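Only one structure is covered here, and it is reproduced in the block below.
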Amino acid sequence: MTEMVVAARAPAPAAGRWGAAPPQELLERLKDYGQEGAFAFWDELGPEERDHLIRDIESLDLPRIDRIVRCSLKSQGAPVPTIEPVPESSVATVDDRTPEDKERWWRRGLKAISEGKLAVVLLAGGQGTRLGSSDPKGCFSIGLPSRKSLFQLQAERILCIQKLAAQCTDASGSTVQIHWYIMTSPFTDEATRKFFETHRYFGLEPSQVTFFQQGTVPCVSPDGRFIMETPYKVAKAPDGNGGVYAALKSKRLLDDMAAKGVKYVDCYGVDNVLVRVADPTFLGYFIDKGVSAAAKVVRKAYPQEKVGVFVQRGRGGPLSVVEYSEMDAAMTTEINQTTGRLRYCWSNVCLHMFTLDFLNQVTNSLEKDSIYHLAEKRIPSVHGYTSGLKLEQFIFDVFNYSPSTALFEVLREEEFAPVKNANGATYDTPDSARLMLLRLHSRWVVAAGGFLTHSVPLYMTGVEVSPLCSYAGENLEAVCQGRTFHAPSEISF
């Protein structure tokens, strides 16, 4: 950033506490990393603006940021291993599962939960901007009969699992708690905390919920120089959902988990209406496999679906995720002649499970390598907007480091209904997610012996089952058997 366009300003103010020149020691530190351009407007700043700029620069971990920028820029164009389909042996498909498997995994998972071995990490840094809301996305209501927000639905699923774990292990007289770690961003942190306080943590104990913020990274020019958002502020952006690993480490939350006796960590994104938080079946499968990492996957709906998919990096290499944009047309349509499926069919839906030991190891590896994804963006700057780079890590980056990974297929209509776009878009809207939930819950009611009536076509509506009544369709017979429910409505205690 050697060339700056400066708007007309008042004559330079008195030097104030900092004198006519920037603090020499700080200026020399910036020069060490080629970032002295951050002081380009010093002579034009008033005393308060100079204070703001000094505090802003001093808040930066300059050696770490320099390492991230250099390593990330250097990684561009580096050769990458060839991409192979995921071996069939690495995937537990729905068709391969027996009722006995599911029951065994369910009970094993509940036992581990009752012993306090599972923690849950929620990625909740996003705002509902694309949904027409400036609130955190987790505060959003998709228009269910209950009007519950995404946060409330997920909190109540945790409450339900705690109860089931206590019952399943004959520990009904003792307390089962799942600790919920919620990652926010600078844009959502305060509003998220207030939302939970206002709603009394949706029935959870405040002590079992921990909020923490993801980090930010300066936005840079193509040659790695800081972009100035204002003459006295470096432009910054959140470090991506993969910033959860650095945040967990730097805020000593992995140590906190270990102190609580946690062995396994469930990690997911806030915008999936059907997410099975702390899923005992998935946890039991994960423990059975004895792997470091696992992910729930759904089959691609069609070859051109714009989703990342799991692949194997090189023959015999680790499983990892490639984005749709990284795959050519031939790869997206290639068919496995043995199974009749797409060769690259296992979609990543941000439903992950890790051992705590692996997270401790991988956070160190990610920090050591310091390779971030570079996204070309128009960055708000002193010039209005500047073409620059945002640096991000992705939640799935850790799979490259995992010595063993297993994939667990789930059905899209049962576990994946994302809310990403406003109503009126062609996919992933509040309306589409609401219908998926209502249809799923209607199937639960019918399977439990209930009946439905409706004043609009049933394909447009359904009933909602409160998570406090049932986690995944279980234990509904006493509520539903022989009863008729009018759709749309909510079934609750």
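Taking the criterion of being exposed (fewer than 15 other Cβ atoms within 10 Å of the Cβ) and either at pLDDT below 95 or in a loop (DSSP other than H, G, I, E, B) (or both), the residues of the range 51-69 that qualify are SER59, ASP61.
Just so you know, in the range 414-441 the residues that are closer than 27 Å to SER320 by Cβ and acidic (Asp, Glu) include one that is modelled with the lowest pLDDT, and it is ASP428. Pick from SER134, SER141, SER146, SER90: which is in contact with a Ser or Thr (Cβ under 6 Å, 6 or more places away or on another chain), of a type in the set (S, T, N, Q) and farther than 18 Å from TYR181 by Cα? Result of the check over SER134, SER141, SER146, SER90: SER141. Could you please let me know if TYR324 is free of Cβ contacts under 8 Å to residues at least 40 places away in the same chain and either touching a strand residue (DSSP E or B) at 6+ places or on another chain (Cβ under 6 Å) or not polar (S, T, N, Q) (or both)? Yes. Within the range 89-124, the residues that satisfy the criterion of being farther than 21 Å from PHE396 by Cα, part of a helix (DSSP H, G or I) and open to solvent by 40 Å² or more (accessible area, probe 1.4 Å) are PRO99, GLU100, LYS102, GLU103, ARG104, TRP106, ARG107, ARG108, LYS111. Filtering ASP369, ASP328, ASP357 for residues that are open to solvent by 20 Å² or more (accessible area, probe 1.4 Å) and touching a Cys at 6+ places or on another chain (Cβ under 7 Å) leaves a single hit, ASP369.
Scanning the range 338-377 for residues that are acidic (Asp, Glu) and touching a residue at least 24 places away in the same chain (Cβ under 8 Å) yields ASP357, GLU367, ASP369.
Filtering the range 189-243 to residues that are in contact with a Lys or Arg (Cβ under 6 Å, 6 or more places away or on another chain) and open to solvent by 20 Å² or more (accessible area, probe 1.4 Å) leaves PHE211, THR216. Among the residues of the range 143-187, those that are open to solvent by 10 Å² or more (accessible area, probe 1.4 Å) and farther than 20 Å from ALA278 by Cβ comprise GLY143, PRO145, SER146, ARG147, GLY173, PRO186, PHE187.
State which residue pairs qualify: first residue closer than 15 Å to ASN400 by Cβ and among the polar types (S, T, N, Q) and inside the range 296-312, second residue modelled with pLDDT of 90 or more and part of a loop (DSSP other than H, G, I, E, B) in any location, beta carbons under 7 Å apart, and separation of 6 or more residues or different chains. Once the first residue is closer than 15 Å to ASN400 by Cβ and among the polar types (S, T, N, Q) and sits in the range 296-312, its partners that are modelled with pLDDT of 90 or more and part of a loop (DSSP other than H, G, I, E, B) give GLN312/PRO85; GLN312/VAL86; GLN312/PRO87.
Kindly establish whether ARG341 is more than 30 Å from GLU44 (Cα to Cα), open to solvent by 20 Å² or more (accessible area, probe 1.4 Å) and of a type outside the set (Asp, Glu). Against the criterion (more than 30 Å from GLU44 (Cα to Cα), open to solvent by 20 Å² or more (accessible area, probe 1.4 Å) and of a type outside the set (Asp, Glu)), ARG341 qualifies. Residues that are assigned to a helix (DSSP H, G or I) and either in contact with a Pro (Cβ under 8 Å, 6 or more places away or on another chain) or of a type outside the set (D, E, K, R) (or both) were ranked within the range 70-88; the one that is nearest to LEU319 (Cα to Cα) is SER75.
Taking the range 396-477 and the strands (runs of 3 or more DSSP E) fully enclosed by it, the elements with 2 or more residues that are touching a residue at least 12 places away in the same chain (Cβ under 8 Å), aliphatic (A, V, I, L, M) and over 26 Å from THR93 (Cβ atoms) are at 463-465.
Of the residues GLU474, GLU413, only one is touching a helix residue (DSSP H, G or I) at 6+ places or on another chain (Cβ under 7 Å) and among the acidic types (Asp, Glu); which?
Within the list GLU474, GLU413, the selection yields GLU413.
Here ARG443 meets the list (1) over 30 Å from the mean Cα position of the chain (by Cα); (2) open to solvent by 60 Å² or more (accessible area, probe 1.4 Å); (3) farther than 16 Å from PRO145 by Cα almost entirely, failing just condition (1). In the range 147-172, the residues that are more than 19 Å from ARG434 (Cβ to Cβ) form Cβ pairs under 7 Å with partners that are at pLDDT 95 or above and open to solvent by 40 Å² or more (accessible area, probe 1.4 Å), at six or more places apart or across chains, as follows: LEU159/GLY203; LEU159/LEU468; CYS160/LEU468; GLN162/GLN177; CYS168/ARG107; THR169/LYS111. Among residues of the range 478-493 being at negative phi and part of a loop (DSSP other than H, G, I, E, B), the one that is surrounded by the fewest Cβ atoms within 10 Å (Cβ to Cβ) is PHE493.
The values are calculated or read from the model by the stated rules, or taken from the named source; none is laboratory data. All of these numbers come straight from a predicted model, not from anything done at the bench. Quick reminder, even Gly has a Cβ in these numbers, built from the backbone with ideal geometry, and neighbours come from all protein chains shown. Remember, those area values only see protein heavy atoms, side chains included, never the ligands or the DNA or RNA. Shrake-Rupley method; radii C 1.70, N 1.55, O 1.52, S 1.80 Å.
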